[in-house]
Amino acid sequence: MSLLQETLAWFSDPAQWSGPTSIPWRIVEHIGYTFFAIVAAAVVAIPAGIYIGHTGRWRKLAVLSTGSLRALPFLGLLTLLALWLGIGPLISIIALAILCIPQLLAGMYSGIDAVDPHAVDASRAMGMTETQIILRVELPLAMPVILGGLRSAVLQVTATATVAAFIGAGGLGRYIIDGLALRDTPRVLGGALVVVLLALLLDGLFALAQRFGARLAYPAAHTAPAVNVLAPSPSPNSRRTTHDQPPTHNS
Amino acid sequence: MISRRLITLSAAAVLVLTACSNPNTAAQDNIDEAAGAAESVSIGSANFPESEIISEIYAQALEAQGFEVDRHFQIGAREVYLPALENGEIDLIPEYTGNLLSYLDPDTTATSAETIEAELQEALPDALDILDPALAENKDSLNVTPEFAAEHDLTSIGDLAELDQVRLAANPEFAERSYGLPGMEELYGVTDVEFTAISDGGGPATVQALLDGTVDVADIYTTTPAIEEHNLVTLEDPEQMIAAQYVLPVIRTEAMNEQVVDTLNEVSAALTTKSLSQMNALHSGDDVQEPAEIAANWLEENDLN
């Protein structure tokens with residue numbers, strides 16, 4: 001039997017479709033790890049990113065530290081946390097959160113940083129408070145970039161959450177890690193395929209969300225019909241409403 | 001390395017000079033040549049520290065007997081070094097009885113030391129041979145903390161059947177292989193096991209999970225220093241669920257001679273699980289010693305150098 005057939009047989013085995021080791025449950029676990037890791041990372045990255053982006057302070061430090069955070073080996077980090085805090089879902093979530101803070105943070109501060117300073121100055125001249133400027137001007141205009149950061153963070157966490165199975169975690173990584181240990185190649189391949197599909201699905205959702213984010217960045221598009229909202233570039237209307245050149249974006 | 005080459009060169013030079021100065025003892029020359037060919041042994045090791053330490057012990061023990069040793073350490077996994085042994089790229093490598101047999105004969109069900117050794121003789125390719133197994137054994141073992149053992153009166157794996165539920169940490173394959181959960185159920189009637197897979201081969205994360213009470217039982221290899229360090233209780237396995245894994249040299253038949261066999265058998269007779277565990281401890285922690293140093297000290301202590 002070819003590997004492809006064996007993998008198909010693995011998928012069609014009823015054991016894969018019910019119970020705590022079934023594909024649907026593993027997907028739920030996997031999304032759970034991903035979701036909580038992103039939320040935990042956002043708690044850190046959103047305030048820090050707004051502060052850095054709005055004030056321009058600590059920017060060099062942020063660039064340096066996010067760069068070095070990216071270089072952290074995930075498995076090493078996970079093992080270290082397991083020795084400190086004991087095994088369990090918590091350490092997987094913390095390790096994954098640390099992993100994706102750089103993407104979220106970079107998306108936040110570079111998004112806000114890229115907002116046209118004239119727009120910010122104009123808002124200030126109109127009498128907006130700093131909080132209003134952040135909430136009504138900077139964040140909406142930065143939204144496509146912020147969502148881009150979120151998108152790459154979610155992708156990376158979805159892929160890397162498989163490694164958490166190395167130290168006792170559940171999720172789709174179980175199929176890959178267990179399959180490797182048992183030399184059960186169809187299981188490894190099946191598990192990897194599900195991860196790929198899940199990642200593609202999430203990425204597709206974020207592609208849509210990023211286009212939706214463009215609506216926040218260009219308020220005039222908000223009232224336009226849905227077809228225009230999903231158009232690859234903002235309509236001429238939106239350019240006029242900002243009374244200035246809007247930042248280019250790549251939705 | 002350079003000094004070893006120099007010694008080899010000067011030894012060769014001496015041989016040549018001796019040969020020149022004694023033109024009338026051709027018979028003697030032939031014996032020297034034959035001896036010279038036999039005196040070089042090429043030793044391999046797998047790519048983990050314990051294998052390298054054992055190989056280094058073999059190497060230094062043979063060097064002490066006047067052999068010249070070529071070290072080819074950290075070759076890789078069994079799939080790589082056994083063909084190298086058959087091809088004659090290396091002459092000798094340390095192995096573990098149970099794992100070697102299940103590599104050669106994947107369908108084997110042998111678990112006792114005697115059956116494994118008997119089946120190994122059958123399963124080995126003609127070009128290879130095994131020598132006496134050591135007293136040292138490195139196999140999976142189920143361990144509990146001394147407190148947990150005392151609390152539930154545990155000495156054997158079968159005693160776990162008395163508990164309502166057992167939380168167990170091991171490598172992922174433990175869940176499905178005959179020496180793991182299926183064996184525990186079949187041979188000891190231990191059915192309700194909450195399994196946590198940790199892929200560090202009974203390493204630090206597994207030990208930590210046992211010590212902090214996340215799990216009750218942990219699968220740890222018998223030569224892991226942590227067992228002694230934390231006074232862990234290794235549960236007995238009277239039904240031989242876990243296959244024997246005694247250390248033994250696998251040697252190319254062509255490379256065998258009496259002196260090599262005697263030297264290695266002497267080493268194996270002295271090598272115990274405890275000493276292997278202690279040597280592993282020396283290779284870890286803050287004050288890591290090199291395998292060569294560890295091996296030299298052990299040979300010295302056992303008068304084998």
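Please treat every number below as a calculation from the coordinates, not as lab data. Just so you know, these numbers come straight off a predicted model, no measurement behind them. With ideal geometry, Cβ positions are generated from the backbone for all residues, glycine too; neighbour counts draw on all protein chains shown.
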Counting C-alpha atoms alone, how compact is chain B: give Rg to one decimal and Dmax as a whole number, in angstrom. 22.6, 85
So, how do all the Cα-to-Cα distances of chain A break down into 10 Å bins, in percent, from 0 on up? 7, 26, 27, 20, 13, 5, 1, 0
When the charge dipole of region B:140-234 is computed with +1 at the Cβ of Lys and Arg and -1 at the Cβ of Asp and Glu, the Cα pointing farthest to the positive end, of B:184, B:226, B:168, is that of B:226
In the Gaussian network model of chain A, springs joining C-alpha atoms below 10 Å, which of A:84, A:58, A:25 carries the largest mean-square fluctuation? A:84
Calculate the FRET efficiency for residue A:39 and residue A:197 from the Cβ-Cβ distance with a Förster distance of 35 Å, rounded to the nearest 0.05. 0.90
Between residue B:229 and residue B:40, take the C-beta separation as r, use R0 = 51 Å, and let me know the FRET efficiency to the nearest 0.05. 0.80
Residue by residue through A:175-186, how many Cβ atoms from other chains fall within 10 Å of the Cβ on average? 3
Per-residue mean of other chain beta-carbon atoms within 10 angstrom of the beta-carbon, peptide B:191-200? 4
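If packing is taken as the mean number of other Cβ atoms within 10 Å per residue, what is the order of A:64-71, B:114-121, A:76-83, highest first?
Result, highest mean first: A:76-83, B:114-121, A:64-71.
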If each of residue B:262 and residue B:297 carries a label point 7 Å out from its Cα toward its Cβ, how far apart are those two points in nm? 3.0
Computed lengthening from residue B:103 to residue B:240, 0.36 nm per intervening residue step minus Cα-Cα distance: 47.4 nm
Take the Cα pairs of region B:140-234, get the Kirkwood Rh, then feed it into Stokes-Einstein at 20 °C and 1.002 mPa s and tell me D in µm²/s. 165
Partner shielding of B:170-180, taken as the mean number of other chain Cβ atoms within 10 Å, equals 3
Using per-residue counts of other Cβ atoms within 10 Å, averaged over each peptide, order A:101-107, A:18-24, B:169-175 from highest down. A:101-107, B:169-175, A:18-24
Express in nm, to one decimal, how much length is gained between residue B:290 and residue B:84 on full extension, taking 0.36 nm for each residue of separation and deducting their alpha carbon distance. 71.7 nm
Per the 1/(1 + (r/R0)^6) rule, R0 = 22 Å and r from the Cβ atoms of residue A:180 and residue A:1, FRET efficiency to 0.05 is 0.65
